[in-house]
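Undergrad: Have a look at this one before I ask anything.
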Amino acid sequence: MNYWFECKVSYERQADSMGMKKVSESYLVDALNFTEAERRIIEEVTPLVSMGELEVVNIRRARIAELFLNDIPEDDRYFRAKVNFITIDEKSGSEKKTSATMIVKSDSLPNAVKELTAQLDGQMASYELAAITDTQILDVYQYVAPQK
């Protein structure tokens with residue numbers, strides 16, 4: 001079973017004609033454990049770093065239930081959504097809410113809400129959208145099996 005890890009990396013890049021600037025960027029990585037997440041983020045981001053050293057400054061486990069990604073070039077932002085699924089307890093008759101975190105790739109907040117509700121409306125469960133926020137995530141690296 002794979003897990004999602006939010007990895008923050010830091011490196012220096014050319015800021016302008018004046019010199020170098022240290023930047024920090026966040027990525028989401030699909031991995032089995034922290035060690036693999038670190039290896040994979042270094043492998044994925046190193047080609048993007050033209051100068052200086054790449055440093056992995058933080059890795060934390062992200063509890064993500066679902067990702068809604070697409071290949072549309074204009075959709076370049078990632079939004080974190082908290083969705084409450086509503087079930088009815090048959091014995092007591094009371095509502096029970098179970099929350100889940102989801103990531104949606106979109107170009108704007110309204111379109112992210114639209115995409116998320118379109119995906120969730122196709123499911124049988126009742127839900128409510130509790131929150132949706134923009135993230136600092138620049139890209140998502142899913143596991144791809146090696147070609148044989």
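The numbers here are math on the coordinates, done by the rules we state, and not lab data. These numbers were taken from a predicted model, which means no experiment stands behind them. Positions of Cβ are backbone-derived with ideal geometry, glycine not excepted, and every protein chain shown enters the neighbour counts.
Undergrad: Calculated from DSSP H runs of 4 or more alone, at -39500 (n - 2.57) each and per residue, what is the 222 nm mean residue ellipticity of the chain, nearest 500? Walk me through the intermediate numbers first.
TA: On the way: 2 runs with 25 residues, N = 148.
Calculated from helices alone, the mean residue ellipticity at 222 nm is -5500 deg cm²/dmol.
Undergrad: Here's something else I'd like to know. Any idea how far the Cα center of the range 100-130 sits from the one of the range 53-78, in Å?
TA: If you average the Cα positions of each part, the centres end up 17 Å apart.
Undergrad: Which of Phe79, Leu109, Leu129 sits closest to the plus end of the dipole of the range 64-135, meaning its Cα is farthest towards the positive end, when Lys and Arg get +1 and Asp and Glu get -1 on the C-beta?
TA: Projecting each Cα onto the dipole axis, the largest value belongs to Leu129.
Undergrad: Return the long-range amide H neighbours of Met20 (sequence gap of 5 or more, or a different chain), with a cut-off of under 5 Å between placed amide H atoms.
TA: Ala15
Undergrad: Please compute the net charge surrounding Pro146, taking Lys and Arg as +1 and Asp and Glu as -1 over other residues with Cβ under 15 Å from its Cβ.
TA: Local charge sum for Pro146: -1.
Undergrad: Considering amide H positions built from the backbone, and no H for Pro or chain starts, which residues 5 or more places from Ala62, or on another chain, come under 5 Å of its amide H?
TA: Trp4, Phe5, Glu6
Undergrad: What is the magnitude of the charge dipole of the chain about its Cα centre, with +1 placed on the Cβ of each Lys and Arg, -1 on the Cβ of each Asp and Glu, and no other charges, expressed in debye to the nearest 20?
TA: 460
Undergrad: If N is the number of residues in the range 36-125, what value comes out of its Cα radius of gyration divided by 2.2 N^0.38 Å?
TA: Relative to the 2.2 N^0.38 Å estimate, the range 36-125 comes out at 1.50.
Undergrad: Another question, if that's okay. If one takes the longest principal axis of the Cα atoms in the chain, at what angle in degrees, from 0 to 90 and to the nearest 10, does the Cα axis of helix 34-45 lie?
TA: 60
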